[in-house]
Amino acid sequence: MTDAFEAAAPRGNRVFCTVDTWENHIVGTRPSMASRQHDVMRTIENPFLIALDSDQSDREVFYRLSDRQARYMKVVVEILPRRMRRVVTAFPVDSGKAGEKVIWPQSRD
Amino acid sequence: MATVPRLIPTSNLKSRLFRQMMSGDRAPTLMRYDSPFDALMMLTVSPETETVAHYVDDHLALLYDPESNEIVGLQLEAFKKWWLPKYKELRAAWQVGVQVKKAHDLAELLAATEKHEKKMSQKVAELAATYWGG
């Protein structure tokens, strides 16, 4: 499966997004995300917070305040072996979820 | 308490289109289940419209147009994991959709899909409104 992009995340992890995920899931669901790949990569590379997903323990969530007003870019990634992460989805939000547990920068592996 | 501060209060969002969705006066333009993310997304405007997700709680997000603050859709997260087990009426409507996919020809499929999506969106909107209290 070819990758749409790969980015280096804090905590020494590498995050990749497949072409299928980008085109069919992210842009396929939200066409306005087509021009936001760079924002998604910046969110992964320089988030202001990383948390464990509130529902799935094998998922992490990255947040970064967007350049656009009053929103964050949220990127959900799946935890894989060998410090790899795979993008599951990405979309704009205006808050996090109460059940998310912060893992960076408040604690480090 | 949310880890990521809320930027827009819920009271700033407008619900005219959402109420039309609830009453069945407005059919969905998009109803899509994202399997890897386990989320059902429903929109009442063109999918080209940029939307922002506003979490009511960990399982329900209102999707709004940031230009107008109008609620234009819903995103039900942990849909199969949490929503379907919890709400029998949603399970029933979802199963109808599964059956629709078994229609014998394209015309039958299109007609049945349109009918199902309208019914499903109304059911989802009613349930979300009850759940959210909005």
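For the reader, a short list of remarks on this structure follows.
- Looking only at region A:99-109, and only at residues there that are surrounded by 13 or more Cβ atoms within 10 Å (Cβ to Cβ) and not in a strand (DSSP E or B), the one that is modelled with the highest pLDDT: A:Glu100
Okay, residues lined up against (1) in contact with a strand residue (DSSP E or B) (Cβ under 8 Å, 6 or more places away or on another chain); (2) over 22 Å from B:Thr49 (Cβ atoms):
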| position | (1), (2) |
| --- | --- |
| A:Asp20 | no, yes |
| A:Asn24 | no, no |
| A:Arg30 | yes, no |
| A:His38 | no, no |
| A:Leu49 | yes, yes |
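- Restricting the first member to region B:1-15 and to residues that are at the interface with chain A (Cβ under 7 Å from one of its Cβ atoms) and open to solvent by 60 Å² or more (accessible area, probe 1.4 Å), and the second to residues that are at pLDDT below 90 and part of a loop (DSSP other than H, G, I, E, B), the beta-carbon pairs closer than 6 Å and six or more apart or on different chains are B:Leu7/A:Ala70.
- Condition broken by B:Asp38, with the remaining ones in (1) within 7 Å of another protein chain (Cβ to nearest Cβ); (2) farther than 19 Å from B:Ala129 by Cβ; (3) open to solvent by less than 40 Å² (accessible area, probe 1.4 Å) satisfied: (1)
- Selection from region A:71-83 of residues that are open to solvent by 30 Å² or more (accessible area, probe 1.4 Å), on the phi < 0 side of the Ramachandran plot and among the charged types (D, E, K, R): A:Glu78
- Against the test of being within 11 Å of chain B (Cβ to nearest Cβ), touching a helix residue (DSSP H, G or I) at 6+ places or on another chain (Cβ under 7 Å) and open to solvent by 30 Å² or more (accessible area, probe 1.4 Å), the options A:Arg68, A:Arg64, A:Arg86 yield a single qualifying residue, A:Arg64.
- Selection from region B:41-77 of residues that are within 13 Å of chain A (Cβ to nearest Cβ), of a type in the set (D, E, K, R) and open to solvent by 10 Å² or more (accessible area, probe 1.4 Å): B:Glu48, B:Glu50, B:Asp57, B:Asp58, B:Asp65, B:Glu67
- The requirement of being within 14 Å of chain A (Cβ to nearest Cβ) and either assigned to a helix (DSSP H, G or I) or modelled with pLDDT under 90 (or both) is satisfied by B:Lys80.
Conditions (1) without any contact (Cβ under 8 Å) to a residue 40 or more places away in the chain; (2) of a type in the set (Phe, Trp, Tyr), marked per residue:
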position	(1), (2)
B:Pro47	yes, no
B:Glu50	yes, no
B:Val72	no, no
B:Trp83	no, yes
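- For region A:58-80, the tally of residues that are in a loop (DSSP other than H, G, I, E, B) and either within 21 Å of A:Ala4 (Cβ to Cβ) or basic (Lys, Arg) (or both) stands at 5.
- Listing of strands (runs of 3 or more DSSP E) fully contained in region B:1-61 that carry 1 or more residues being out of contact with any Gly (no Cβ under 6 Å at 6 or more places or on another chain) and acidic (Asp, Glu): B:30-34
- Within region B:16-35, considering residues that are over 30 Å from A:Phe48 (Cα atoms) and small (Gly, Ala, Ser), the one surrounded by the fewest Cβ atoms within 10 Å (Cβ to Cβ): B:Ser23
The values are calculated or read from the model by the stated rules, or taken from the named source; none is laboratory data. Worth saying up front: this structure is predicted, and the values here are computed from it rather than measured. Counting neighbours? That spans all protein chains shown, and the Cβs are built from the backbone with ideal geometry, glycine included. The protein model used for the area step is the full one, side chains on, heavy atoms only, and it has no ligands, DNA or RNA in it. Shrake-Rupley method; radii C 1.70, N 1.55, O 1.52, S 1.80 Å.
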